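Visitor: This is the structure I have questions about; it appears just below.
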Amino acid sequence: MREAQIAAGQQPEYDRRYRDISADEVARLEADGRSYVIRFKMPLDGQTVVPDAIRGDITFENSQLTDYVIFKSTGLPTYHLAVVIDDHFMEITHITRGDEWVNTAPIHVKLYEAFGWEMPAFAHLPVILNPSGKGKLSKRTQSFQDGNTLVLVKTSEFKENGYLPPALINFLTNIGWSFGDNVEIFGPEESMERFELEDINPAAAKMPYEKLDWINNQYIMKLTPEALTEQIMPFIERDNLPITQEQIAVLAPVVGMRLKRLTDIYEQVQYLLVDETVNLTAEQLTHKKMGPEAALAAFTAARDFIADTDDEYFNVAGISERLRAIGEIHTENEKAGPFLGTARLAITGQKVSPPLFESIVALGKDETVARLNRAIERLAG
RNA sequence: GCCCUCAUCGUCUAGGGGACUAGGACGUAGCCCUUUCAAGGCUAAAACCGGAGUUCGAAUCUCCGUGGGGGCACCA
């Protein structure tokens, strides 16, 4: 029948041919050993109203509905029959499900009526759309590339990519619902106090991934240095980076605000992994406020200081004080800035790095001295 | 094709007849701060899909259109 309808250019649809079949005929067909399904007689006219907590009443013309199968030919019930029974006996009060279920709601409503059971409240939630492409974002898919951005889908993927669970929860709660009072950062307890189903925005939304980065950074910044170190280490270990917990602990107080994701720690510790100072030229180690001779003197002073510092004084405060002083002495304008800039380059090999003094402590005395010596050689030669 | 549904800055949203010169956030741009990059502070550009109604008055209500999403299984 289905094939005949398609062949005839019609929409395949059950024609209700057995809707009012007589008991005799049923017996006759059964005797023939024909397989069969059992359908639910839906009303032929009138309307079925699905009360929805988010959208209000959704009205369907019964003439548009069909007689749904409630028992398959295997004798097993279909989902439609099963949920209604299951939800009823589980004393479900609210059915919240995706938008894609609205069209099946009328059969459920009619089944509740047929059973004479109290209907739970329905709430059809908006779906989440693909970031830039078309269609909805399926929960069953995995992360995929969309243009040049990686679209994460599963919670495990968010975790693997350095997002904190509370940040993800905050982010998700903020889609389709808003906390109010222009507040964007909030926890589950606070939002639960305010949450009402009817406040949900019925429109489908795309995930604003850039905003997730911002939220995640907000949560990372709220972490104590110890907690941040603890969150970062698993990633260091996962990727077998030759970096110690002590090193991360030194950087933790100053890198939090630089991390959108925990995995951004990689670029912060780059200078520990590869020594890019080998490519530096003498010119890069000078500054218009600090010529070659001054630079040489400054780097030499810095090297001597670092090399002579007892381990117990090899710390951020001590290094900061001394290096600033050295910078001020050897710069035309008596500001530490120019020297600290070149020192960053000489020590990390990068123009951009975590704050210098912390970077030095994390690098360690020996390596710092070695890199400074290289700079001195460049400037001298 | 038929049915259901949705529609405010680029994005997530606030707003539900006069409080709208349409608010916030992300992102973007500029400035300040600053040893770099960030973070932080300040400022800026940026939206009511279109058309008819209803009304003294519409982003808000109604209808039509357009566009988006979903559905039309013996799957859930």
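Just so it is clear, none of the values below were taken in a lab; they were calculated from the coordinates. A quick note: this is a predicted structure, and the numbers were derived from the prediction, not measured. Please note: Cβ atoms are built from the backbone with ideal geometry, for glycine as well, and neighbour counts cover all protein chains shown.
Visitor: Which part of region A:39-71 falls in the paramagnetic zone of residue A:114, meaning amide N under 13 Å from the point 7 Å along Cα-to-beta-carbon?
Guide: The answer is A:39-44, A:66-71, whose backbone nitrogens lie closer than 13 Å to the label point.
Visitor: Something else: Scaled to the compact-protein estimate 2.2 N^0.38 Å, what is the alpha-carbon radius of gyration of chain A, rounded to two decimal places? The partial results should precede the final answer.
Guide: On the way: Rg = 34.0 Å, N = 381, 2.2 N^0.38 = 21.0 Å.
Scaled against compact globular proteins, the figure is 1.61.
Visitor: What is the projected area of the convex hull of the Cα atoms of region A:144-218, averaged over all directions, in nm²? Before the final figure, lay out the partial values.
Guide: Values: hull surface 22.7 nm².
Its Cα hull, projected and averaged over all orientations, spans 5.7 nm².
Visitor: Please list log₁₀ I(q)/I(0) at q = 0.22, 0.25, 0.28 Å⁻¹ for region A:8-69, using the Debye equation with identical point scatterers on the alpha-carbon positions.
Guide: -0.99, -1.10, -1.19
Visitor: Would you mind telling me which residue in A:28, A:238, A:16 has the biggest mean-square fluctuation in a Gaussian network model of chain A, where springs connect alpha carbons within a distance under 10 angstrom?
Guide: Taking springs between Cα atoms under 10 Å, the residue moving most is A:28.
Visitor: Roughly what angle does helix A:105-115 make with the longest principal axis of chain A, taking Cα atoms, 0 to 90 degrees, to the nearest 10?
Guide: Long axis of A:105-115 versus the principal axis of chain A: about 50 degrees.
Visitor: Quick one: length gained pulling residue A:143 to residue A:157 fully straight, 0.36 nm per residue minus the C-alpha distance? Write out the running numbers ahead of the final one.
Guide: Details: separation 14, 0.36 × 14 = 5.04 nm, distance 0.73 nm.
Here the segment from residue A:143 to residue A:157 would lengthen by 4.3 nm.
Visitor: Rounded to two decimal places and with Rh computed the Kirkwood way over Cα pairs, what is Rg over Rh for region A:112-252?
Guide: Details: Rg = 19.2 Å, Rh = 17.9 Å.
Answer for region A:112-252: 1.08.
Visitor: Taking H placed 1.01 Å from N in the peptide plane, check which residues at least 5 places from residue A:98 or on another chain put their amide H under 5 Å from its amide H.
Guide: Those qualifying (amide H under 5 Å, at least 5 residues apart or on another chain) are A:125.
Visitor: Can you tell me the mean projection area, over all orientations, of the convex hull of region A:223-268's alpha carbons? Units nm², please. Intermediate results must be reported in sequence, preceding the final value.
Guide: Working: hull surface 11.0 nm².
Mean projected area of the Cα convex hull: 2.8 nm².
Visitor: Turning to a different aspect of this structure: Who wins for biggest fluctuation among A:64, A:284, A:47 in a Gaussian network model of chain A, springs between alpha carbons below 10 Å?
Guide: Ranking A:64, A:284, A:47 by mean-square fluctuation puts A:64 first.
Visitor: Can you grab the distance from the C-alpha centre of region A:311-339 to the C-alpha centre of region A:110-171, Å, no decimals?
Guide: 53 Å
Visitor: Moving on to the next point. Given a Förster distance of 25 angstrom, what is the FRET efficiency for residue A:312 paired with residue A:275, based on the Cβ-Cβ distance and rounded to 0.05? Spell out each step's value before the answer.
Guide: Details: r = 26 Å, r/R0 = 1.06.
Computed FRET efficiency for residue A:312 and residue A:275 comes out at 0.40.
Visitor: Please identify, among A:362, A:294, A:27, the residue showing maximal mean-square fluctuation in a Gaussian network model of chain A using a 10 angstrom Cα cutoff.
Guide: It is A:27.
Visitor: Can you give me the angle between helix A:209-222 and the longest principal axis of chain A, using Cα atoms only, in degrees from 0 to 90, rounded to the nearest 10?
Guide: For A:209-222 against chain A, the angle is about 60 degrees.
Visitor: If you line up the long axis of helix A:337-348 against the longest principal axis of chain A, both from Cα atoms, how many degrees apart are they, to the nearest 10?
Guide: 70 degrees
Visitor: Please compute the volume of the convex hull spanned by the alpha-carbon atoms of region A:70-162 and report it per residue in Å³.
Guide: Values: hull volume 14.4 nm³, N = 93.
Spread over its residues, the Cα hull of region A:70-162 gives 155 Å³ apiece.
Visitor: I would also like to ask the following. For region A:269-355, what is the convex hull volume of the alpha-carbon atoms per residue, in Å³? Before the final figure, lay out each step's value.
Guide: Working: hull volume 8.3 nm³, N = 87.
About 95 Å³ per residue, rounded to a whole number.
Visitor: Dividing the convex hull volume of the alpha carbon atoms of region A:194-235 by its residue count, what do you get in Å³ per residue? Show your work: numbers first, answer last.
Guide: Numbers: hull volume 5.4 nm³, N = 42.
Spread over its residues, the Cα hull of region A:194-235 gives 128 Å³ apiece.
Visitor: D for region A:236-381, whole µm²/s, Stokes-Einstein with Kirkwood Rh over alpha-carbon pairs at 4 °C and 1.567 mPa s: what number?
Guide: Values: Rh = 15.5 Å.
Estimated via Stokes-Einstein, D reaches 84 µm²/s.
Visitor: Determine the calculated [θ] at 222 nm for chain A from helices alone, applying -39500 (n - 2.57) to every DSSP H run no shorter than 4 residues and normalising by the residue count; nearest 500 deg cm²/dmol. Don't skip to the answer; put the middle values down first.
Guide: Values: 17 runs with 173 residues, N = 381.
Rounded to the nearest 500, it is -13500 deg cm²/dmol.
Visitor: Working out 0.36 nm times the residue gap between residue A:282 and residue A:377, then minus their Cα-Cα distance, what length gain in nm do you get to one decimal? Don't jump to the answer; show the numbers that get you there.
Guide: On the way: separation 95, 0.36 × 95 = 34.20 nm, distance 0.87 nm.
Taking residue A:282 through residue A:377 to full extension adds about 33.3 nm, to one decimal.
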